[in-house]
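One structure is given here, and the rest of the page talks about it.
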Amino acid sequence: MIRIGRLGADDAPELFEAIVRSRALHKPWITPVATEAEIRECLSQPPDVRISYGIREDSGQLAGVVNINSVIHGAFQNGFLGYYAISPYEGHGFMRAGLIAVLDRAFGEHGSTESRRTSSLITSARFASYGVWAFRLEGHSPRYLRINGEWKDHDRYALTVEEWQVSGGRPTSEST
């Protein structure tokens, strides 16, 4: 069982400690912020820049984070999905359940009846480890993101609100 909730500036000390504890797990996938002040600044961003969710396991410990970044309203209706597990909670299904819950909220509470899209810019191997659900591969971008000082290629996956509704938030046959 998991709970999700919005993370804010008051969560910076807990998240900083979790990121420090998880550095070996995160490398080479993400470049974590270096200080608690940087985390506080990130978590203080307005929702049209970043919406951060904490995924908590039964006892309330932070097991992962999901960010919806660069939220765009209007005709484009877009956001970029990023996420990471927190050590020692990786491999227990918390991220998979948390991603489903955040996507439900993103396409429900934050969404509308208009077509909304969430593009996930992460490597396919990492993404597949959580199950691709109804996400579809849109393409491959060489040298797309700078991670740990190096330009990395990324496969781009996307999902619209209509695709999420059709899938019922469940994995597709390819990802089960």
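The values are calculated or read from the model by the stated rules, or taken from the named source; none is laboratory data. None of these values were measured; they are calculated from a predicted model. When we count neighbours, we look across all protein chains shown, and the Cβ atoms used for this are built from the backbone with ideal geometry, even at glycine.
For every residue, the table says whether it meets (1) modelled with pLDDT of 55 or more; (2) aliphatic (A, V, I, L, M); (3) part of a helix (DSSP H, G or I); (4) buried (at least 16 other Cβ atoms within 10 Å of the Cβ).
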site: Val102; (1), (2), (3), (4): yes, yes, yes, yes
site: Lys152; (1), (2), (3), (4): yes, no, no, yes
site: Asp155; (1), (2), (3), (4): yes, no, no, yes
site: Glu162; (1), (2), (3), (4): yes, no, yes, no
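Candidates in region 15-35 are the residues that are in contact (Cβ under 8 Å) with a residue 60 or more places away in the chain, of a type in the set (A, V, I, L, M, F, W, C) and in a loop (DSSP other than H, G, I, E, B); of these, the one that is surrounded by the fewest Cβ atoms within 10 Å (Cβ to Cβ) is Trp29. Is one or more of the residues making up region 59-78 aliphatic (A, V, I, L, M), farther than 23 Å from Tyr157 by Cβ, in contact with a helix residue (DSSP H, G or I) (Cβ under 8 Å, 6 or more places away or on another chain) and surrounded by 17 or more Cβ atoms within 10 Å (Cβ to Cβ)? Yes - at least one qualifying residue is present in region 59-78.
For region 117-134, does any single residue satisfy the condition of being out of contact with any Asp or Glu (no Cβ under 9 Å at 6 or more places or on another chain), closer than 25 Å to Ala24 by Cα and modelled with pLDDT of 70 or more? No, region 117-134 contains no residue that is out of contact with any Asp or Glu (no Cβ under 9 Å at 6 or more places or on another chain), closer than 25 Å to Ala24 by Cα and modelled with pLDDT of 70 or more.
Report yes if Arg50 is free of Cβ contacts under 8 Å to residues at least 40 places away in the same chain, out of contact with any His (no Cβ under 9 Å at 6 or more places or on another chain), within 24 Å of Asp153 (Cα to Cα) and surrounded by fewer than 12 Cβ atoms within 10 Å (Cβ to Cβ), otherwise no. It would help to see each step written out before you state the result.
On the way: free of Cβ contacts under 8 Å to residues at least 40 places away in the same chain: yes; out of contact with any His (no Cβ under 9 Å at 6 or more places or on another chain): yes; within 24 Å of Asp153 (Cα to Cα): yes; surrounded by fewer than 12 Cβ atoms within 10 Å (Cβ to Cβ): no.
Against the criterion (free of Cβ contacts under 8 Å to residues at least 40 places away in the same chain, out of contact with any His (no Cβ under 9 Å at 6 or more places or on another chain), within 24 Å of Asp153 (Cα to Cα) and surrounded by fewer than 12 Cβ atoms within 10 Å (Cβ to Cβ)), Arg50 does not qualify.
Of the strands (runs of 3 or more DSSP E) lying entirely inside region 45-85, those containing at least 1 residues that are of a type in the set (Val, Ile, Thr), modelled with pLDDT of 85 or more and within 8 Å of the chain's Cα centre (by Cα) are 62-72.
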